[in-house]
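Novice: Quick one: structure below, then a few questions.
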Amino acid sequence: MAQRFADLSPPAPAPDPDADWSLPGWLYTDAEYFAVECDRVIRPSWQIVCHESDLPNPGDWRTIEYLGESLVVLRGDDGALRAFHNVCRHRAMRLVEGNAGCARKLVCPYHAWTYGLDGRLSGVPMKRDYPALRLEDNGLAPVEIDRWRGFVFVRLEDGGPSVADMMAPYDHEIAPYRFEDMRRLSDVRLRERAVNWKNVGDNYSDNLHIPVAHEGLTRLFGKSYAIEAEPFVDKMSGQLVDRPSADPWERFYQTHLPRVDHLPEANQRLWLYYKLWPNMAFDIYADQIDFMQWLPLTPTTSVLREMTFALPDDRRVMKLVRYANWRINRTVNAEDTWLIERVQQGMASRSYAVGPIGASEVCLRSFARKIRERIPEARLHHAPAAGWSRYPHRSA
Ligand code: FES
Ligand SMILES: [Fe+2]
């Protein structure tokens, strides 16, 4: 019987001929490819907006901007969270401006069309001027919303799993951190980088550069830095070493990191990093977490969007430890920025096509495979003739 079932099972997928190679350099600079990637990779993927506690009351709203779209997440009178395009249905004016606010209704600053917190169009000045206008057909354009462990996500197009499904392989590891009960330590930070968005993520996934380029991280985590890849989430982790670092802030963090009662013993000095497909991550320490995402702006520029969260803890030592953590991360970020900006310049060289990916670099492999699945032209070592995305047969 076992043999008969084996015969019915689908054939194993053919090995990917490009599995041992990186994505080619032209994918990091080409405008036509960039447009295809935004459509097929970024638009259907979840983007984190904020934490539910950032929107405690009816009328509270938060925005996120990417791919030329502005989206607003609103808390309704019924307590529900909804997401909409921040675009008036009359003449396309932005309804709200800025990162966050609170409003009883959304009143358009151009001609005062008014929308309820559920997105319905409730008022139009000079309504008789538009005899055919039906208010019920002109509510704000809705956007899909998801919630996972207290965080709020949106996506521009349907496609792929929920955030909970993506995180499922590691949900049990994250549960003790009590993300749901966390509160914001700092507001959203936006930092522009002169790199393609994939270059930011590649660097976070790249384990081989840690001992070469991050002296501080190596002092703090030694050889314990580990990576693994699941279908829609990568994991990186490390154990804080006890041997005191020569750097004062690193040493302070090592020696003063206080016990946190909500975490098991094994997590007290553990660093965890979960990178979700395709462009966001949770960076988790015993003292605090941040989310970070890297949003494409142009083929060669991106913006890093970050917020920090923690469980309330008034201990003075915790405040200092969180500050030390921030100092250490600032140095790591500066080191990575220096690296990725130079990689970006190299990707633009006509001399560069692809590079090898080591067998241990499972996260880079997983990312490249998913890009190739969605955009077959990503296998080509050089850019096809312009117009390939409109006439796909020309690049085959
Ligand atoms: S554009 Fe919003 S009311 Fe006219
Ligand atoms: Fe790095």
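Novice: Of the residues that make up segment 264-276, is at least one acidic (Asp, Glu), part of a loop (DSSP other than H, G, I, E, B) and on the phi < 0 side of the Ramachandran plot?
Specialist: Scanning segment 264-276 turns up no residue that is acidic (Asp, Glu), part of a loop (DSSP other than H, G, I, E, B) and on the phi < 0 side of the Ramachandran plot.
Novice: Hey, does segment 118-134 have a residue that's surrounded by 14 or more Cβ atoms within 10 Å (Cβ to Cβ), more than 16 Å from ligand 1 (Cβ to nearest atom) and under 14 Å from ARG62 (Cα atoms)?
Specialist: No, segment 118-134 has no match at all.
Novice: Taking segment 235-279 on its own, how many of its residues are in contact with a Leu (Cβ under 8 Å, 6 or more places away or on another chain), within 17 Å of GLU361 (Cα to Cα) and not hydroxyl-bearing (Ser, Thr, Tyr)?
Specialist: Residues in segment 235-279 being in contact with a Leu (Cβ under 8 Å, 6 or more places away or on another chain), within 17 Å of GLU361 (Cα to Cα) and not hydroxyl-bearing (Ser, Thr, Tyr): 3 in total.
Novice: Then there is this: Within segment 232-249, can you find the residues that are within 27 Å of the chain's Cα centre (by Cα) and touching a residue at least 40 places away in the same chain (Cβ under 8 Å)?
Specialist: Residues satisfying the conditions are PHE232, VAL233, ASP234, LYS235, MET236.
Novice: Can you list the strands (runs of 3 or more DSSP E) lying wholly within segment 148-250 that have 2 or more residues being open to solvent by less than 40 Å² (accessible area, probe 1.4 Å) and away from ligand 2 (no atom under 14 Å from the Cβ)?
Specialist: Filter on segment 148-250 gives 151-155, 183-193, 233-239.
Novice: Among the residues that make up segment 292-313, is at least one of them among the acidic types (Asp, Glu), more than 23 Å from the chain's Cα centre (by Cα) and open to solvent by 60 Å² or more (accessible area, probe 1.4 Å)?
Specialist: Within segment 292-313 (the criterion being among the acidic types (Asp, Glu), more than 23 Å from the chain's Cα centre (by Cα) and open to solvent by 60 Å² or more (accessible area, probe 1.4 Å)), the answer is no, since none of the residues qualifies.
The values are calculated or read from the model by the stated rules, or taken from the named source; none is laboratory data. Note that the structure is a prediction, hence the values are computed from the model and not measured. Every residue, glycine as well, gets a Cβ built from its backbone with ideal geometry; the counts of neighbours run over all protein chains shown. Surface accessibility is based on the protein's heavy atoms, side chains included, excluding ligands, DNA and RNA. Shrake-Rupley method; radii C 1.70, N 1.55, O 1.52, S 1.80 Å.
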